[in-house]
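Inspection log for the structure reproduced underneath, given as structure tokens.
The values are calculated or read from the model by the stated rules, or taken from the named source; none is laboratory data. Source: prediction; values computed, not measured. Here the Cβ positions follow ideal geometry from the backbone for every residue, glycine too, while neighbour counts run over all protein chains shown.
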Amino acid sequence: MSQYVLGSKSLKELEGVNASLIKVVKRAIELTAQDFSVHDGIRTIEEQKKLVERGASKTMNSRHLSGNAVDLVPFINGRLRWEWEPIYIIADAMRSAANEIDIPLRWGGCWDVTFTDTDAPPEDLVEDYVARRRGAGKRAFIDGPHFELPRSERFP
């Protein structure tokens, strides 16, 4: 059991997010060895347009628009940090929490697999995803903080 809890800003970001995903995030903060903040939950169309313009997102069909995605960023020494090693720790906690609750998840580190269907280390999943994209002659868009409910599933 971790010593971490979601702060008031994180809880505010979860407002409007799918209840199943909120359960996973709340359980993950209890399991994690790395503190994190909910950086983004539900987004407006205007917010999404700006992210696409900046290249921080690739689609106007984001799961954030419907409340079916969250971005979890490591919180280290009082600051948000976009660093891979702590992101991998958070990813492991999210996968464990989702599997415990029986909620499937996709992860922005390996878009083409259902994250909860594999037990491969997150760093291996990222490496394999990048290799598959390159092998197909495409660039990999990797978004380590991003977790979403699959479109193919129905959630309450």
message: I'm told N18 meets every condition in (1) without any contact (Cβ under 8 Å) to a residue 12 or more places away in the chain; (2) touching a Gly at 6+ places or on another chain (Cβ under 6 Å) except one. Can you identify the failing condition by its number?
response: (1)
query: Which of (1) over 17 Å from L31 (Cβ atoms); (2) among the hydroxyl-bearing types (S, T, Y); (3) under 15 Å from the mean Cα position of the chain (by Cα) is the odd one out, the single condition S96 does not satisfy?
result: (1)
- prompt: How do the pairs read when you match residues in segment 111-128 that are at positive phi with residues anywhere that are outside any loop (DSSP other than H, G, I, E, B), using Cβ under 8 Å and keeping only pairs 6 or more apart or on different chains?
  reply: none
- request: Inspect all residues belonging to segment 80-87 and state whether any of them is buried (at least 21 other Cβ atoms within 10 Å of the Cβ) and either assigned to a loop (DSSP other than H, G, I, E, B) or touching a helix residue (DSSP H, G or I) at 6+ places or on another chain (Cβ under 6 Å) (or both).
  value: no
statement: Filter segment 40-55 for residues that are assigned to a loop (DSSP other than H, G, I, E, B) and surrounded by 12 or more Cβ atoms within 10 Å (Cβ to Cβ); the one that is nearest to the chain's Cα centre (by Cα) is G41
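Within segment 88-110, does at least one residue satisfy the condition of being of a type in the set (F, W, Y), at pLDDT 95 or above and outside any strand (DSSP E or B)? Don't jump to the end; show me each part of the working.
Filtering segment 88-110 down to residues of a type in the set (F, W, Y) leaves 88, 107.
Right, trim to at pLDDT 95 or above and you get 88, 107.
So of that shortlist, the ones also outside any strand (DSSP E or B) come out as 88.
Checking segment 88-110: at least one residue is of a type in the set (F, W, Y), at pLDDT 95 or above and outside any strand (DSSP E or B).
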Tally, over segment 115-155, of residues that are polar (S, T, N, Q) and surrounded by fewer than 15 Cβ atoms within 10 Å (Cβ to Cβ): 1
query: Can you tell me which residues in segment 13-33 are crowded, with 20+ Cβ neighbours inside 10 Å, of a type outside the set (A, V, I, L, M) and in a loop (DSSP other than H, G, I, E, B)?
result: N18, T32
